Amino acid sequence: MTTTLDTGTGAGHSHAFQADVARLLHLMVHSIYSDRDIFLRELISNASDACEKLRYEALAKPELAGEEPFAITISLDKDQGTLTIADNGIGMNEEDLVSALGTIANSGTRAFLERIAAQDKSDEEREEEGGAGKSGADLIGQFGIGFYSAFMVADRVHVETRKAGTQQAFRWVSDGKGSYEIAPLALEEAPARGTRVILHLNEASKTYLEPWKLEPIIREHSGAVAIPVELRESAEAETRRLTDGGALWAKPRSEIKDEDYADFYRSLAAQFDDPALTIHWRAEGRHEYTVLAFVPGSRPLDLFDPARKGRAKLYVRRVLITQDADLLPGWLRFMRLVVDSADLPLNVSREMIQESPVFAAIKRGVTNRILQDLTKCAENDQERYAKIWEAFGPVLKEGLYEDPERRDQLFKLARFTTTEHGDKSRTLADYVKDLKENQTAIYYLTGDDAQRMGMSPQLEGFRARGIEVLLLSDPVDAFWVSTALGYDGKPFKSVTQGAADLKSIALKDGAQNPDVETSAEVATWLSYMKQVLESAVTDVRASDRLSESPACLVAGEHGPDRRLERILAQAGRADVSKPVLEINPRHDLVTLLATRFKDASDKSLMEDAAWLLLDEARLMDGEALSDASAFAARLTRVLTKAVQ
Ligand code: ADP
Ligand code: MG
């Protein structure tokens, strides 16, 4: 839909915003949102991106950038009521304007809209329940929401721009209400290079025309921007430099304050918290490069995105090569970092830079150093490290099976909840130090929820002996633990798999290990059960894994443990195989059944009992009963007999 407009400088076209943009704009304009200051950060960051893009293009075509140094200028005009953010970066042509300012390209903005949609839904649900809904607009502050944030403070926005190397300029105009116009702009009215974003401030936002209001915001939110920011207080005034545009990572550590690091982190990561750990170093020797890396204070939104991409900014001698260099393994993707290399080649493409052996060496060096510093933090600052592990442990653990070479280093970082220590603080070294006499394996149980897992019947025999069991409740655990060979020479062993040979380990209260022999009566009953349950289990056997419960399920000696098998089955990658039913031969119910079985002429009660024991074990394993009506019928028959 286009209509011709008279703009004075040539024919203009009116365009409708993409539906998502219209929705976003509506939200921004109609939310009475307290932290409107962020529009400045967003527009300055776009201006800086534009300069860095041109700097990169100019590597191949120096004439594009010319002599004029890069700068971002903010001009105030009280008479006109305008605030202008100008840059001498790459600029936009007509096509760029349509695609960049008429649709949503930015991943932060998209994530924001998805969140709002999710929140809207839960609002409705909440209203159905009679509760008050919370406005989705509260979420705005948590996202990098880009160019459109201009409409939080402006009734009308003009973008005047000229793409580097072209002889045409354009003016984009919108009031943020559904459509925008683009018209050619005479070259003498246009910036010689780059873009001017002119905000016609709304009544409530006129205070941004006051330098005392503006300056601190710029220093706070954009102090770390790598292009200098200048301020012109009025049409007649000279410009004044607010920030030097010096690259923070290039400064000596002693000159950098914690707040500087935190500001830099926030603009790099588009997070609003403080970094949990800051790592800043200069590598010298064979390769020279500087790294400034952060562990975020909280989980970034895209942490579990299937693409599992890291966010590393790669510079070569201060020229930004790419925003998402492939510098980190997937299991460090939560890190946010800048790497500036002195010796990568500049005269080749982005892709070729990342294929060079120097890049590979930097990649290894960065991963090594990050692991080293995480290990140091784990050793020296447990409180800080506990938070990092809580947020990113599940991601780091992916490295345990993806990167066997790093396994030993990662084992030092791993923290566990166990049956003896409930607070995600046990290391494998702690575990091994406290092994019981004759204990030769590291025992673990996998499941969805550590608390529930703590009540599994499979743990009873371990608990009775004070044997510590790792409670592994992240989905990734089922994978690494089945591929890792062991730790410190001790194999990992699932408590729900194979036969548990616990007889050689003493019981906690000094009690004698129970008689290992299973009575002939019980043995006969077990073989009868095996016959009855043949279609559902591979074996029925006596167990020393149990002390209170009559029965539990375990997986066979070989192959995956029950949880891993279930995860694989859900993904369609394997079938769930039949388990083994283990019976506690000393449990009253079992001995009574065995005695009754010997004399019973009517076997129907025996058959029901066998199935009920199996169903009970299934329920304790968190499994849904596949045939609930058969279960109910059996239970009813057995109870009827019991009360007769
Ligand atoms: P993002 O910066 O995350 O891409 P924005 O909404 O902030 O999202 O900006 C959208 C796009 O508009 C940018 O990707 C860029 O292509 C274009 N753009 C915005 N401001 C400028 C500018 N000052 N110079 C050149 N291009 C710009
Ligand atoms: Mg942006």
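Each value in this text was obtained by applying a stated rule to the coordinates, not by laboratory testing. The shown structure was predicted, so the numbers you read here are calculated from the model rather than taken from an experiment. With ideal geometry, Cβ positions are generated from the backbone for all residues, glycine too; neighbour counts draw on all protein chains shown.
By other beta-carbon atoms within 10 Å, ranking 217, 370 with the fewest at the front produces 217, 370. Counting neighbouring Cβ atoms within 10 Å and putting the fewest first, the residues 286, 618, 308 line up as 286, 308, 618.
Ordered by the count of other Cβ atoms within 10 Å of each Cβ, fewest first, 72, 116 give 116, 72. In a DSSP loop and with at most 14 other Cβ atoms within 10 Å, the GluC sites (Glu not before Pro) in the range 43-110 are 67. More than 33 Å apart: what percent of Cα pairs in the range 416-643 qualify? Cα-Cα pairs of the range 416-643 separated by over 33 Å account for 20 percent.
Applying a threshold of 23 Å to the alpha-carbon distances of 412/490; 493/530; 503/603; 578/641; 363/490; 257/397 flags 493/530; 503/603; 578/641; 363/490; 257/397 as lying beyond it.
Spin-label model, residue 539 to residue 213: label points 7 Å out along the Cα-to-beta-carbon direction sit 7.8 nm apart.
Taking each residue as 0.36 nm, the span from residue 68 to residue 236 lengthens on full extension beyond its C-alpha to C-alpha distance by 58.3 nm. Cross-link reach is defined here as a Cα-Cα straight distance under 17 Å, omitting same-chain residues fewer than 8 places apart; for residue 177 none of the lysines meet it. Give the lysines whose C-alpha is closer than 17 Å to that of residue 61, dropping any in the same chain fewer than 8 places away, or say none. Partners found: 53, 163. Of all aspartates and glutamates in the structure, those lying under 20 Å Cα to Cα from residue 598, and not within fewer than 8 positions of it along the same chain, are 517, 521, 588, 607, 608. Summing Cβ point charges (Lys, Arg +1; Asp, Glu -1) relative to the Cα centre of the range 402-469 gives a dipole of roughly 140 debye.
The spacing between the range 415-479 and the range 234-255, judged by their C-alpha centroids, is 54 Å. Looking at the range 159-264, the GluC sites (Glu not before Pro) that sit in a DSSP loop and have at most 14 other Cβ atoms within 10 Å of their own Cβ are 236, 238. Among the GluC sites (Glu not before Pro) in the range 541-570, those placed in a DSSP loop whose Cβ has at most 16 other Cβ atoms within 10 Å are 548, 557.
Based on DSSP H segments of at least four residues, each scored -39500 (n - 2.57), the chain has a per-residue ellipticity at 222 nm of -11000 deg cm²/dmol. If you look at the Cα atoms of the chain, you get an Rg and a Dmax of 33.0, 109 Å.
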